[in-house]
Amino acid sequence: MLIDWFTVIAQMVNFLILVWLLKHFLYKPILNAIDTREKGIASKLADAEAKVASAQKQQADFEAKNKSFDEQRDAMKAKAEADAKTEHDRIIDAAQKQADGLRASEAAALKDDQAHQAAAIRRMAQDQVFAITRKTLTDLASVTLEERIGEVFTRRLGEMNAKDKYEMGAALKSSPEASPLRSAFTLPDEQKTAIQNALNETFSAVIRVRYETDANAVSGIELTAPGQKLSWSISSYLDSFDQSVAAMVTQETKPEPAAAPAAEAK
Amino acid sequence: MNLTSDQLIFWQHGFLKLNQTIVTTWAMMLVMALGATLLTRRLVTEGKISRWQGALEIIITTLEAQIKDVGLAEPRRYLAFLGTLFLFVATCALCIIIPGYKPPTESLSTTAALALCVFIAVPLYGIREQGVGGYLKTYTQPTIIMLPFNIISELSRTLALAVRLFGNMMSGVMIVGILLTITPFLFPIVMTALGLLTGMVQAYIFTILAGVYIAAATLVPKPQSVPVPSPKAAS
């Protein structure tokens with residue numbers, strides 16, 4: 001008989017015992033280990049996914065910030081450029097104004113210098129004219145300039161037209177105090193007497209005169225009454241001389257002509 | 001020459017006896033239980049695992065996957081029974097490389113015992129899944145006429161299971177024994193290697209067939225649904 005029933009039963013029991021043994025000592029520990037590891041891996045994967053999501057969010061935030069920063073930088077750059085251009089224009093404008101002001105002040109100073117120079121020349125010319133005239137008259141005609149000026153003034157009084165003579169006479173007569181008679185130099189007593197006589201004779205009254213000397217203001221002889229003035233001076237001579245001097249000074253201050261274009265072309 | 005290891009009796013007292021099959025089985029059980037205890041003593045759940053743990057995990061997960069492929073949706077319920085079937089038969093076959101060893105599966109008593117275990121386990125699992133009525137009803141499927149044929153099928157497949165494993169295991173050992181007497185050198189080694197392969201295949205077949213029987217018994221028939229035309233389709 002191939003089948004021994006006791007052995008069959010014993011093997012069945014043995015097999016069931018083996019099932020129990022392997023279940024407790026093999027399958028359960030292994031399956032538990034696998035489950036625990038799978039849970040750990042799943043947890044790590046979830047953690048990694050969360051980290052990836054966080055990293056992606058951070059990257060997105062970073063890119064957004066970068067973009068915002070770029071925009072802000074561009075805006076600030078544009079503003080800085082605009083500000084710089086405005087400041088540049090303002091500085092250039094101020095410099096131009098300052099340059100214009102300097103040019104104007106220089107021109108005014110030059111003009112002032114020219115005026116002062118002209119006045120000085122005029123003064124010097126006047127002195128020279130007087131000196132030359134005085135010398136010439138003394139040497140050639142044995143007449144002093146003062147005498148001659150006094151004569152000319154006396155003759156002018158006589159040559160006045162009626163209307164002027166009347167108005168001048170009224171002014172001299174109505175003057176409460178002595179009318180000033182200014183001359184560039186001190187008149188000799190003879191001249192004073194001659195002039196006084198001529199005045200008295202011309203206006204038919206005793207004209208009170210106060211003699212004054214002012215070489216700077218008067219270039220000849222001048223009688224002043226309220227609202228009236230009678231004078232003879234070398235102003236006309238000096239005016240023509242002044243024009244000549246002015247023309248000369250203007251020519252001197254003109255800028256040098258530029259080099260010939262032909263020379264430049266070479 | 002003994003045809004089966006049952007006939008080598010070490011101790012007997014009336015009906016009780018201690019033959020080579022039982023002793024070898026105890027030895028196998030001891031080795032497997034001790035091996036399992038030693039191998040699962042230092043299991044790690046994080047980081048790098050040892051090669052032994054990796055090998056064990058591969059064996060267990062492969063068994064699980066095979067049981068699932070058979071049609072058992074929750075393989076862990078059946079892993080202890082089917083997995084032990086496979087490991088016991090496979091270990092018995094693997095040990096034929098040990099000189100003087102006679103596998104317990106070479107004994108028809110052992111294969112019959114395993115087949116009877118399957119024979120008992122199938123209705124137990126079926127009843128657990130479907131209830132007694134539901135399970136018994138499967139014998140009358142598709143018609144009541146099939147009841148005797150189903151019962152015969154149940155008995156015959158258990159017999160076939162036992163005999164198949166016995167025949168294959170015994171034939172392998174027998175062939176090796178016979179060839180050993182004829183050509184004592186190279187050829188028996190080749191046949192032993194072939195016997196190893198045959199043993200593994202038999203272990204696999206035995207386990208898969210047991211799984212298929214259990215799957216057939218535990219398969220809950222789905223209620224047939226009658227399609228109802230929708231109002232839109234009707235209009």
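The values are calculated or read from the model by the stated rules, or taken from the named source; none is laboratory data. Source: prediction; values computed, not measured. Don't worry about glycine lacking a Cβ; one is built from the backbone with ideal geometry, like all the others, and counts go over all protein chains shown. Side chains included, ligands, DNA and RNA excluded: accessible areas come from the protein's heavy atoms. Shrake-Rupley method; radii C 1.70, N 1.55, O 1.52, S 1.80 Å.
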So, with +1 on the Cβ of K and R and -1 on the Cβ of D and E, and no other charges, what is the size of the charge dipole of the stretch B:1-146 about its Cα centre, to the nearest 20 debye?
-> 240
Could you order peptides A:49-55, A:113-119, A:181-187, B:57-63 by the average number of other Cβ atoms within 10 Å of their residues, highest first?
-> A:181-187, B:57-63, A:113-119, A:49-55
For A:Lys192, go through the lysines and keep the ones whose alpha-carbon is under 19 Å away, minus same-chain ones fewer than eight residues off.
-> A:Lys173, A:Lys229
Where does helix A:5-22 land angle-wise versus the long Cα axis of chain A, in degrees 0 to 90, nearest 10?
-> 20
How big is the accessible area of B:Ile9 in square angstrom, nearest 10, if you roll a 1.4 angstrom probe over the protein chains?
-> 70
Over every pair of different alpha-carbon atoms in chain B, take the mean of 1/r and invert it; report that Kirkwood radius in Å.
-> 20.6
Taking Cα atoms, the helix A:145-159 axis meets the longest principal axis of chain A at an angle in degrees (rounded to 10) of 80
Just how much of B:Ile151 is accessible, in Å², when a 1.4 Å probe is used and the result is rounded to the nearest 10?
-> 80
Whole-Hz Karplus ³J(HN,Hα) for the stretch B:45-55, in order, using 6.51 cos²θ - 1.76 cosθ + 1.60 and θ = phi - 60°, x for Gly and Pro?
-> 10, 9, x, 6, 9, 6, 5, 5, 4, x, 5
Based on Cα positions only, what radius of gyration and what Dmax would you give for the protein assembly as shown, in angstroms?
-> 73.5, 202
Mean residue ellipticity (222 nm) of the protein assembly as shown, computed from DSSP H runs ≥ 4 via -39,500 (n - 2.57), nearest 500 | -25500 deg cm²/dmol
Lys and Arg at +1, Asp and Glu at -1: add these up for the other residues within a Cβ distance under 11 Å of B:Glu46 and post the number.
-> +4
Within 10 Å of the Cβ of an average residue in B:40-47, the count of other chain Cβ atoms is 5
Dipole magnitude (debye, nearest 20) for the protein assembly as shown, charges at Cβ of Lys, Arg, Asp, Glu | 3680
Sites matching trypsin sites (Lys or Arg not before Pro) across the stretch B:19-59 that sit in DSSP coil, with at most 13 neighbouring C-beta atoms within 10 Å | B:Arg41, B:Arg42, B:Lys48
Per-residue accessible area for B:His13 at 1.4 Å probe radius, Å² rounded to 10?
-> 120
Number of Lys-Lys pairs in the stretch A:28-70 under 25 Å by Cα, sequence gap 8 or more or different chains?
-> 8
Please sort B:83-94, A:158-169 by packing, taking for each peptide the average over its residues of neighbouring beta carbons within 10 angstrom, highest first.
-> B:83-94, A:158-169
Counting only protein heavy atoms and rolling a 1.4 Å probe, how much accessible area do A and B lose on contact, total for both sides, in Å² to 100?
-> 3600
Mean-position separation - Cα centroids, the stretch A:1-68 and the stretch B:1-46, in angstrom | 31
In the stretch B:65-100, which residues become less accessible by 50 Å² or more once every protein chain is in place, relative to the chain on its own, using a 1.4 Å probe?
-> B:Arg76, B:Ala80, B:Thr84
Rounded to the nearest 10 degrees, what's the angle between the helix A:162-174 long axis and the longest principal axis of chain A, both from Cα atoms, 0 to 90?
-> 80
Rank B:Phe185, A:Phe25 by accessible area, highest first, at a 1.4 Å probe radius?
-> B:Phe185, A:Phe25
Hits among lysines - C-alpha to C-alpha of B:Lys102 under 22 Å, sequence gap 8 or more where chains match | B:Lys17
Spin-label pair B:Met200/A:Tyr166, simplified geometry with 7 Å Cα→Cβ offset, distance in nm = 16.4
At a Cα cut-off below 19 Å, give the aspartates and glutamates reachable from A:Lys135, other chains included and same-chain residues fewer than 8 away excluded.
-> A:Asp127, A:Glu146, A:Glu147, A:Glu151
Roughly how many percent of the accessible protein surface of the stretch A:1-148 is carbon and sulfur, given a 1.4 Å probe and a whole-percent answer?
-> 62
Total charge of the residues flanking B:Phe166 in space, meaning their Cβ is under 12 Å from its Cβ, with Lys and Arg +1 and Asp and Glu -1, is -1
Heavy-atom accessible area per residue of the stretch B:13-121, all protein chains kept, 1.4 Å probe, expressed in Å², is 47
Where the accessible area of the stretch B:30-134 is counted over protein heavy atoms with a 1.4 Å probe, how much of it, in %, is carbon and sulfur?
-> 65
